[in-house]
1. Which residue fluctuates most in the GNM of the chain (Cα springs below 10 Å): 109, 82, 132?
2. Separation of the stretch 105-147 and the stretch 36-61 by C-alpha centroid, Å?
3. First check a/c for the stretch 1-79, with a ≥ b ≥ c the square roots of the eigenvalues of its C-alpha gyration tensor; if it is under 1.5, answer rounded, and if not, answer prolate when a/b is larger than b/c or oblate otherwise.
4. Run the numbers on the chain and let me know its relative contact order in percent, using alpha-carbon pairs under 8 Å that are six or more apart.
5. Of 15/93; 15/139; 19/55; 2/139, which sit over 24 Å apart, Cα to Cα?
6. Under a point-charge model restricted to the Cβ atoms of Lys and Arg (+1) and Asp and Glu (-1), what is the dipole moment magnitude of the stretch 100-141 relative to its Cα centre, in debye to the nearest 20?
7. Rank 39, 47, 126 by mean-square fluctuation in a GNM of the chain with C-alpha springs under 10 angstrom and give only the top-ranked residue.
8. Who wins for biggest fluctuation among 135, 52, 101 in a Gaussian network model of the chain, springs between alpha carbons below 10 Å?
Amino acid sequence: MKVAMACDHGGLELKNILKAELENMGHEVVDFGTYTSDSVDYPDYASKAALAVAKQECEKGVVVCGTGIGVSMVCNKVHGVRCALCHDVFSAKATRAHNDANMLAMGQRVIGPGLALEILHAFFESSYEGGRHDARIAKMMALENEQ
Ligand code: RB5
């Protein structure tokens, strides 16, 4: 599948590791930057990946900053995006199964690359369960039109 990626300077190394893994898994990565360790503002990059997912140019997205918090907050401002900040494997599986998350956020300063790769695999190898979760997601997404 086509995967949007973005990071700031605080997530550059982990983004590059995750990008290589996604490509090894056979996915096509669209990398919206940043590409150097120069200090940048994470909204400028996370928003590009989120918009690509929202416009369905990419099926899923992976974003990284120092904590994962900033990029996940930005992505969740974009209509149509459900970005999950995951630092454990259980949450990565559960957010695909229950929330049908279409973006994954992680923090390079929070977890090591080994765990991050396990989380990446869990997220991309888990499927949405549907059923009782459909109505819950519909209620969540309806909030986008109520403000
Ligand atoms: C950058 O120093 C840092 O604030 C950023 O990577 C991220 O952690 C923000 O949420």
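Computed from the coordinates by the stated procedures, all read-outs in this text should not be read as laboratory data. Only a predicted model underlies this, so the values are computations on that prediction, with no experimental measurement involved. For neighbour counting, all protein chains shown are included, and Cβ atoms are generated from backbone atoms with ideal geometry for every residue, glycine included.
1. Among 109, 82, 132, the largest mean-square fluctuation in the Gaussian network model of the chain belongs to 132.
2. 16
3. Because a/c hits 1.5 or more and a/b fails to exceed b/c, the stretch 1-79 counts as oblate.
4. 23
5. Exceeds cut-off: 15/139; 2/139.
6. Numbers: 4 positive and 5 negative charges, 48 e Å.
Using only the charged Cβ atoms, the result is roughly 220 debye.
7. 39
8. Top of the fluctuation ranking is 135.
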